[in-house]
Amino acid sequence: MADSYSESGFDLISFFNQQICYGVKDPVESFIGRKRKLWELEGLIQNCMQSAVVISGLGGMGKSELLKKYISVNKSKIPICQWVNGESAETLRSSFEQFAAFINVAATDERDGRPLELLGIVNNILIHVKKEMIAIDKGNYTVMIDKVENQYDDLMKVVKQLFSYPRSTVIITSRRRDLLLEESEILELSEWTEKEAMEYVTRSLNRQQKLSDVKILCKTLKFHPLSISQAVDYILHQQRILPDGQVYDIENYLAEHQFKGKLLPFPL
């Protein structure tokens, strides 16, 4: 597998034999659990007909990571996949323009060089994708639209146009459960189970921890994936900066947490 990177270091293109996966990063190495949710996601994708699958949940639940994990596990079944930033109409357009440039598809009018409307770009991409898919028996052109917070017109139009091609799959991540309500299947993502949370902590920390402390930490942070990962990062950071011989473990974090009465800040 050969990878190509932009100047920012973002993983842009990966080739899996004759397969193309554009803009998709690998899931974090510490990805944990969610086996049932991966199974449910795969079932929804296989069974949905001309409807999007929306992975819904509060911020920090791991919606994007679950989607990356799904792609990582199912690479052999996906001939062409594309990651799209769906935060706004502008990022949506930019993502399709970048993909068009990669597959050498026009994003401008060949007569006067003016930028095409977004649906014109998507249409040109679909024409190219259809040609590529003729020789491929299995799998769909899979478009993953990440971080959609509002149901804006361009999003609705693009999803509708993608579904004009029967071998298109659209997966969206959003905090909103009512997104594309009549045209979507919903996968709800919530907190980790106690087992998942404790497994994440024990695998991530490089010193052996008391299981009782691990359990207290996870319960204190209500099994919230982002909060727990921030706590783990803070503990690892303290371990790195402390002088040799000094120890910083979960017990120290909990003492600070209790003293300050809030989640200790540590930027991800």
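Values quoted throughout were computed directly from the atomic coordinates according to the rules given, and no laboratory measurement underlies them. Everything numeric here is computed off the predicted structure, so don't read it as measured data. Cβ coordinates were reconstructed from backbone atoms using ideal geometry, including for glycine residues, and neighbour counts include every protein chain displayed.
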Exercise. For region 3-188, give the share of DSSP beta bridges that are antiparallel, in percent and rounded to the nearest 5; count only bridges with both residues there.
Key: 25 percent
Quiz item: Once the dipole of the chain is set up with Lys and Arg at +1 and Asp and Glu at -1 on Cβ about the Cα centre, which of Ala100, Tyr253, Ala197 lies farthest towards its positive end?
Solution: Ala197
Self-check item: Principal-axis tilt of helix 35-47 within the chain, Cα atoms, nearest 10 degrees
Solution: 10 degrees
Self-check item: Net length gained if the chain between Ser76 and Glu194 were fully extended (0.36 nm per residue, minus Cα distance)
Solution: 39.3 nm
Practice problem: With only Lys, Arg, Asp and Glu charged, each at its Cβ (+1 for the first two, -1 for the last two), find how big the charge dipole of the chain is about the Cα centre; round to the nearest 20 debye. | Solution: 660 debye
Self-check item: Degrees separating the helix 250-260 axis from the principal Cα axis of the chain, which is the longest one
Solution: 90 degrees
Quiz item: If you stretched the chain out fully between Asp178 and Ile136, how much longer would it get, using 0.36 nm times the residue separation minus the C-alpha to C-alpha distance?
Solution: 11.7 nm
Practice problem: Report the equivalent ellipsoid semi-axes for region 3-188 in whole Å, largest first, defined as the square roots of five times the eigenvalues of the gyration tensor built from alpha carbon atoms. | Solution: 25, 19, 17
Quiz item: All other residues with a Cβ under 11 Å from the Cβ of Leu187 taken together, and with Lys, Arg as +1 and Asp, Glu as -1, what is their net charge?
Solution: +1
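Shape of region 194-260 from its Cα gyration tensor (a ≥ b ≥ c, root eigenvalues): rounded if a/c is under 1.5, otherwise prolate when a/b > b/c, or oblate?
Working: a/c = 1.75, a/b = 1.45, b/c = 1.20.
In terms of gyration-tensor shape, prolate.
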